[in-house]
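Notes for the one structure printed next.
The values are calculated or read from the model by the stated rules, or taken from the named source; none is laboratory data. As the structure is a computational prediction, the values presented were derived from the model and not from experiment. Backbone-built Cβ (ideal geometry, glycine too); neighbour counts: all protein chains shown. For accessibility, only protein heavy atoms count, side chains too; no ligands or nucleic acids. Shrake-Rupley method; radii C 1.70, N 1.55, O 1.52, S 1.80 Å.
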Amino acid sequence: MLPKINTLSGYLYEYQKSVANPEAFWENIAENFYWHKKWDKVLEWDRDGHNVQWFVNGKLNITENIFEKNLFILGDKPAIIWEPNNPDEPTVTLTYKQLHEKVCQFANVLLQNGVKKGDRVCIYLPMVPEAAIAMLACARVGAIHSVVFAGFSASSLADRINDAEVKIVLTSDGNFRGAKSIPVKAVVDEALESCPLVEKVIVLKRTSIEVTMKPGRDIWWHDAIRGVSTENKAQEMDSEDMLFILYTSGSTGKPKGVVHTTGGYMVYTAYSFANVFQYNINDIYFCTADVGWITGHSYIVYGPLLNGATAVMFEGVPNHPGVDRFWQIIEKHKVTHFYTAPTAIRSLMGYGTEPIERHNLSSLKVLGSVGEPINEEAWHWYHTHVGKGNCPIVDTWWQTETGGIMISPIAGVTPTKPAYATLPLPGVQVIIVDNEGNELKGNNVEGNLCIKFPWPSMIRTTYGDHERCVNTYFSSFKGLYFTGDGVKRDADGYYRILGRVDDVINVSGHRLGTAEVENAINSHPLVIESAVVGFPHEVKGQGIYAYVVLDAASKNHDPEKIKASLLAAATKVIGPIAKPDKIQLVTGLPKTRSGKIMRRILRKIAEGDATSLGDTSTLLDPGVVKEIIEGALVPV
Ligand code: ATP
Ligand code: MG
């Protein structure tokens, strides 16, 4: 196990050490891993061109740090507990030994199918153990995986396959999701019509729906592994060899192919997992993310497995067969650590506490939140009803580009505050700057959230286009990594994420973060969730347009009265400046498939420009947008 911080003074001590001498700090953590050859230098960094290397010339394979390093002690410990979509289907448990064999076997399959070190492999699989096996098998042979969420359309998939110049696609016949059985292979077939570089497709049988198999190109997974050896010697990788490409969610625009490399990503995800969650060896950790997102990469697969953790992987959705599914899984597997997104919490809040009370959740020790700012009401509900007031909530702020959690409480160590991600992890040098790039020192300041020194799992490049990486992240403020998010450092030095800076609303010269205004609106008992954006306003410069989703109970109330009380809520929590100018009641909000609100679409609608909505390929439900546009035409 990695060194763990267990007191607040211990945190402060480690943090100071990490800032005073980052190289020595990370070198010390990296010593805990198995390297074929250690690094010549800890960090090489060219600030302006963003060429960063960690553990320079170190040689390793990340999967040996999951398996070979730990098998002797952890061999029979469950690595993955897989919970199927249908609760009547049996759970599958893979011990470290079994998972190792499957990974080695599939690594051999990849080699037999012509995959070489450095080749790109697209993984378009549902949440089944084979998704993790496929990722680790790629890492074993030195192939670069690009996992694409198995709900994306053929054209989104084709774009990602072509952008990464993928040679082989790993997929399934279909996908069970809630009450539905969704075709998957058919989507791949359609995508591949415009992907000339793809030579092979390996297809896992999951739903047994009929599929067409193209001779010479398509092979069944079960045929491919038949008789193949379960022994495989890991490919030696350089610290800076690419481990994977992952496309961002697309909340702010066209997704970017973020590249992570081997050594630094390993060290950072393992360290942050152990510390943020305070995982102990017999704990059962359940993260509800999909492996198609960075959270699934870093905190279902790599971080937990590098720590010898037992991770629950769930195939289905939170409301199938009932809205108590998460709680049922927690009870069934005696989950100790539960990590989910605010969007899930807010939607489950809508069903009240009865579904929770049906289950014994006493195994829980730590709760986590990721993906968006968590509003105070959702935080309290999560804390009180799910955690029974006993479980610290780690509100983890990070990004695809950061590879791992950056600002977050350390469970049970950092005193929490609702809606605050609290303090940076050791090694994370946060700096807040104004729009001119001047540092805002001290407390009680807000501005652009930047990081001023590299950390091991930081983005190395955007695949095939380094200039895009430099322009997107390193050009806004000289010498700094710019996150795109706005942040406030309060009187205690605690950080609160205010939302994307592009979404900041400027009302009569007062800057308001979307998260703050939404937090105020969401505090109203009838509101499930809301999204606010700015729109041009003759007098104030910008006005506030609020899209609000109400609870079913609102049917018994007069909508005009509800709107009036929403205005009062915003005024009470923030002040009259935060009072929305327009409120539109809607049945849902446009979200990415990872559950993030796409405010840029709502902004266009609020501006009256619904014809150019930008990249909508990662949008979950286009029907919602149509409904909102129609509603927006009605004067509100
Ligand atoms: P794109 O960059 O293509 O727009 P995206 O930013 O939505 O996509 P991700 O990398 O998955 O894709 O999301 C990172 C963003 O999610 C952060 O920049 C931040 O805005 C938000 N976020 C994540 N966790 C938190 C959190 N705990 N609190 C507040 N915001 C969070
Ligand atoms: Mg982003």
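A few notes on this one:
- Accessible area expressed per residue, the chain, with surrounding protein chains retained (probe 1.4 Å, Å²): 37
- Gyration tensor (alpha-carbon) shape descriptor, region 250-289, a/c threshold 1.5: oblate
- Cα gyration tensor, region 231-276 - rounded (a/c under 1.5), prolate or oblate: oblate
- Residues of region 586-601 with an amide N closer than 16 Å to a point placed 7 Å from the Cα of Asp551 along the Cα-to-Cβ direction: none.
- Only lysine pairs 8 or more places apart or on separate chains count here, and in region 581-636 those with Cα atoms under 15 Å apart total 4.
- By a 1.4 Å probe calculation restricted to protein chains, Lys4 has an accessible surface near 60 Å², given to the nearest 10.
- Dividing the Cα radius of gyration of the chain by its Kirkwood radius returns 0.95 for Rg/Rh.
- Mean silhouette area of region 472-541, derived from the convex hull of its C-alpha atoms and averaged over all directions, reads 6.9 nm².
- The GluC sites (Glu not before Pro) of region 409-461 that DSSP puts in a loop, and whose beta carbon has at most 16 other beta carbons within 10 Å, are Glu436.
- The alpha-carbon atoms of region 23-73 define a convex hull whose volume equals 80 cubic angstrom per residue.
- For region 67-119, the C-alpha radius of gyration sits at 1.44 times the compact-globule guess of 2.2 N^0.38 Å, with N the residue count.
- Tyr13, Tyr302, ranked by accessible area, largest first (probe 1.4 Å): Tyr13, Tyr302
- Semi-axis lengths, Å, region 179-271, gyration tensor of Cα atoms, sqrt of 5 times eigenvalues: 29, 23, 15
- Reciprocal mean inverse distance between Cα atoms of region 452-601 - Kirkwood radius, Å: 17.4
- Pairs of Lys residues in region 166-232 are counted when their Cα atoms are under 14 angstrom apart and they lie 8 or more places apart or on different chains; the count is 5.
- Rg over Rh for region 24-157 works out to 1.03, using Cα positions for both radii and the Kirkwood form for Rh.
- Based on the convex hull around the alpha carbon atoms, region 213-314 presents an average projected area of 10.0 nm².
- Normalised by 2.2 N^0.38 Å, where N is the number of residues, the alpha-carbon radius of gyration of region 306-421 equals 1.03.
- Accessible area ranking (1.4 Å probe, heavy atoms, ligands and nucleic acids excluded), largest first, for Trp45, Trp54: Trp45, Trp54.
- Of the residues Gly437, Trp82, Ala154, the one whose Cα sits farthest towards the positive end of the charge dipole of the chain is Trp82 (charges of +1 on Lys and Arg Cβ, -1 on Asp and Glu Cβ, taken about the Cα centre).
- Relative to the Cα centre, the charge distribution of region 485-554, modelled as +1 at Lys and Arg Cβ and -1 at Asp and Glu Cβ, gives a dipole magnitude of about 200 debye.
- For region 152-213, the dipole from Cβ point charges (+1 on Lys and Arg, -1 on Asp and Glu) about the Cα centre works out to 380 debye, to the nearest 20.
- Overall dimensions of region 355-447 as given by Cα atoms, namely Rg and Dmax in Å: 15.6, 54
- Prolate/oblate/rounded label for region 82-193 (Cα gyration tensor, a/c 1.5): oblate
- Computed on protein heavy atoms with a 1.4 Å probe, the accessible areas place Thr462, Thr288 in the order Thr288, Thr462, largest first.
- Cα-derived Rg over Rh, computed across region 520-601 with Rh taken as Kirkwood radius: 0.97
- Kyte-Doolittle mean at least 1.0, axial Cα span of 20 Å or more - DSSP H helices of the chain: none
- Placing unit charges on the Cβ atoms only, positive for Lys and Arg and negative for Asp and Glu, gives the chain a dipole magnitude near 420 debye about its Cα centre.
- Reachable lysines from Lys97, criterion Cα separation under 21 angstrom, eight or more residues apart if same chain: Lys69, Lys77, Lys233
- Between the residues Gly216, His36, Ser249, the greatest Cα displacement towards the positive end of the dipole of the chain, with unit charges on the Cβ of Lys, Arg, Asp and Glu, is found for His36.
- Links that overshoot a 30 Å alpha carbon limit, given the list Lys540/Lys561; Lys116/Lys332; Lys17/Lys116; Lys38/Lys102: Lys116/Lys332; Lys17/Lys116
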